[in-house]
1. At what distance in nm do the modelled label points of T129 and Y87 sit from each other, each positioned 7 Å from its Cα along Cα→Cβ?
2. Collect residues whose amide H, placed 1.01 Å from N in the peptide plane, falls under 5 Å from the amide H of L118; neighbours closer than 5 in sequence don't count.
3. If you place +1 on the Cβ of every Lys and Arg and -1 on the Cβ of every Asp and Glu, how big does the dipole about the Cα centre of region 265-323 come out, in debye to the nearest 20?
4. Enumerate the amide H contacts of H325 below 5 Å, restricted to partners 5 or more residues apart or on another chain; note that Pro and chain-start residues carry no placed amide H.
5. Mind checking the alpha-carbon convex hull of region 265-323 and giving the volume per residue in Å³?
6. I need L223, L48 ordered by Cβ neighbour count within 10 Å, fewest first.
7. Take the Cα atoms of the chain, build their convex hull, and give its volume per residue in Å³.
8. Suppose only helical runs count, i.e. DSSP H with n ≥ 4. What mean residue ellipticity at 222 nm does that imply for the chain under -39500 (n - 2.57) per run, divided by all residues and rounded to the nearest 500 deg cm²/dmol?
Amino acid sequence: MSWSQSGWGANSWGQTGWESGSGGSWDSIGSSAAYGVSWNEGNSSPVLTRLGSTAGFAASASPGNNNLPVHRLMRRCVMRDDGGIVYYLDQNNSLVKQGGGASVLDGTDGQVMVEIPLFWYKYSYSGTTHSWWISLNKFSGAERHPAFYKDGSWVANRYIGAYEAWTDGSTKLASVSGQLSTVSQTIGTFRTRAEARGTGWHQMDWYLYNAVILLYLTEYADLNAQATLGAGVTDYAVWPGGPQALTGNSNSIGNATGNLTLAVDKWNASTAYTLNNECIPDASQNGYTYRVTVAGTSGGGEPTWPTTLGNTVVDGAVTWECVRHAGYNSYRGVENWFGHIWKFIDGVNIHNSSANGSRLYTAQDYTAFASDTDTGYLLITSDLAQLDGFEKTMVPTAHGFAPKTVGGSSSTYVSDYHYTYYDNNPDSGWRVLFVGGGENFGSNAGPFYLDSNLESSNATTYVGSRLAY
């Protein structure tokens, strides 16, 4: 394909000339240094080995905004529809502009995005060991990460929605604070609404999503993101029927990485509830969470739940208020990177057949994004895992992170779950991909969670989208 770089693919890069560095403190890493991680997939531990300029760090090191050269440049901003930056947001509080003054995050000033700088990377696979390296600058054998090839040329930055996507009144996909993310649309509808925002806008794509995963791995050196970042909104006992968290719950931490988890159980009759306890309805979830404002014992029958925020209902001696879930996880400004709702990924198609296995195709050019086709797409692997389960090994490729086999657990190997339709029907044909896990998926959820059960015509209450530029 015309956009392919020489050297892409497994086993194509030797190790000679890699910048190995000498370790040291976090603050000692120079901006031109290459750093990375390796993982021996024969080892059940999800903890990776640090390489290069980070190799001397203690396992207990705490990554942060001002430590690693590439990562420290990730930051939230507000963007116009023409791609121009209106302003950057304060690194510690998105409710404030960088330099002072209140920000406007409801879409009036523009879309709230996370800027990611172009970086160089190198991947290799030897025996059973994967190695990934990155740097702000070119180093021996490195290539620009493919996420930064856009519209026929290389760009200095890519932008991913700070929040899960919402559809505004003009049916354009938006990344704004204070909204309940949109679900129940097909991947094609989300694609159309994203591109309606203007030239350069599209739905979150495979290469951008995987660039963020690579940044996470080289920072935390651990495949178990729930262990390092927290579980976020994955704690419901049952699927609550729709999104529960308003966008913007992470605004108070700005560009930082953080997590807030709230355990929410179903309502029970004749049960003592204390102040601020929360529940979701028992008989039929309606997409709302309820918080105790007057403590007491619930009635013998389930109340009629209000569906207007702030409204209350008396239930025996208890008073419940209709609220939203306040939990979140955020990786360097990308709120609910995993959990809460699944997110469709564009620029990737999966085809299942008993003759050729489960095949994964990807595309860089967003103008070629389409479902149920390999036109404009590159075949990455025919060895995508054919069974459901916790991911154990990865496909050896420089084109992202995809499971080759399952058989691990929530605390070993890759530590996230994989769902495929191949084991239901090996000849099921074209499938679309969604990622991350949802509100009730607990330890199954995470950035490596891939699900290809749906066809392009499917729309569900548990899958949404994210904006990209």
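1. Placing both labels 7 Å beyond Cα along the Cβ direction yields 5.0 nm.
2. HN-HN under 5 Å from L118: N157, R158.
3. On the way: 2 positive and 6 negative charges, 11 e Å.
In debye, rounded to 20, region 265-323 gives about 60.
4. Sorted by chain and number, the residues that satisfy this are A245, L246, T289.
5. Numbers: hull volume 3.7 nm³, N = 59.
About 64 Å³ per residue, rounded to a whole number.
6. Values: L223 29, L48 21.
Least to most surrounded, the residues fall as L48, L223.
7. Working: hull volume 68.8 nm³, N = 469.
It comes to 147 Å³ per residue, whole-number rounded.
8. Working: 3 runs with 29 residues, N = 469.
Computed mean residue ellipticity for the chain: -2000 deg cm²/dmol.
Read-outs: derived from the displayed coordinates by stated rules, not from any lab. Just so it is clear, the structure is predicted and the values come from calculations on it, not from any experiment. Using ideal geometry, Cβ is built from the backbone for each residue, glycine included, and neighbour counts are taken over all protein chains shown.
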